[in-house]
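Participant: Structure below; questions to follow.
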Amino acid sequence: MNKNLRKAIIAGNWKMNKTRPEAKELIEAIKPLAANAGCEVVVCVPFTNLETAVEAVKGTNIHVGAQNCHFEKSGAFTGEISADMLKEVGVEYVVLGHSERRQYFGETDETVNKRLKAALAAELKPIVCIGELLWERECGITEEVLGKQCKLDFYGLTADEMKKCVIAYEPVWAIGTGKTATADQAEEACAYIRSVIAKMFDSATADAVTVQYGGSMNAKNAAELLSKVNVDGGLIGGASLKAPDFGEIIKAASV
Ligand code: PEP
């Protein structure tokens, strides 16, 4: 990452894991590992753990995120949670457009864009996930896919709003598979995403926006991935559920 321009963000995506007592236990274990972090540390927990997590991180440098929010303020949307509801319980971040939401729950770039605008209106910090499928990479259209997702997901934002967004570059083929993009592949994609943001907005916005890498990042490969100038941290699934591993990734982002 370029530390002169940006601060790394290490965010754990717990997905559908951990009961409330387990969530408290994991946060207690992360606390000492994050205490001297030179990066922002976020835990994105299931909805049922949000209050527990907000309470547990009080007085620490750990921030709490949710994993989705709806785009309407309220109404007949059974099973959904609004951005204002998240804000009310003290949540700061929200993951949007994760590939698992796109794959299993019909999330589209259009709904990601709507959710993003709702999150910004509620003053949440969005972590917007984009990334290509394996066959899209094999067909040589990674840049087209990333460009299209940026243009659609960030459509209609002001430069100031864009600066408040975190982009997580998550090649879908690397999520939960144990297959990590090489550091060079991650750098190339993150740099390309930044170039698209520069064209859509301006170079100051592109320099300011955080672009994380996500996809089987772990205690062993984090340092190399994070050494790349355009990789500003990570969105971490599996390895964020083990405090020692998450701690090693925080350490790698803090040097
Ligand atoms: C994720 O859930 O965003 C993710 C990157 O998962 P994993 O680290 O397990 O690949």
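Participant: Starting from the Kirkwood Rh over alpha-carbon pairs, what translational D in µm² s⁻¹ does the range 66-114 have by Stokes-Einstein at 37 °C and 0.692 mPa s?
Facilitator: 289
Participant: Ok, one more. With just the Cα atoms of the range 23-152, tell me how far they stretch along each of the three principal axes, in Å, largest first.
Facilitator: Result for the range 23-152: principal-axis Cα extents of 47, 38, 23 Å.
Participant: Where Rh denotes the Kirkwood radius from the mean inverse Cα pair distance, what is Rg over Rh for the range 188-243? List each step's numbers first, then the result.
Facilitator: On the way: Rg = 12.8 Å, Rh = 12.1 Å.
Using Cα coordinates only, the ratio equals 1.06.
Participant: Based on the Kirkwood radius over alpha-carbon pairs, what is the Stokes-Einstein translational diffusion coefficient of the range 113-213 at 10 °C with 1.306 mPa s viscosity, in µm²/s?
Facilitator: After rounding, the answer is 115 µm²/s.
Participant: Here is a follow-up. Okay, helix-only estimate at 222 nm for the chain: each DSSP H run of n ≥ 4 adds -39500 (n - 2.57), divide by all residues, round to 500 deg cm²/dmol; what do you get?
Facilitator: Calculated from helices alone, the mean residue ellipticity at 222 nm is -12500 deg cm²/dmol.
Participant: Further question: Just need the Rg to Rh number for the range 166-211, please, alpha carbons only, Kirkwood Rh.
Facilitator: A ratio of 1.05.
Participant: Principal axis extents for the range 1-43, Cα atoms only, whole Å, descending order, please.
Facilitator: Its Cα atoms span 39, 22, 9 Å along the three principal axes.
Participant: What's log10 of I(q)/I(0) for the range 9-237 at q = 0.17 Å⁻¹, Debye sum over Cα points only, no solvent?
Facilitator: The calculated log intensity ratios at q = 0.17 Å⁻¹ are -1.29.
Bear in mind these aren't lab numbers, they're just calculated from the coordinates by the rules spelled out. Everything quoted here is computed from the prediction, not taken from an experiment.
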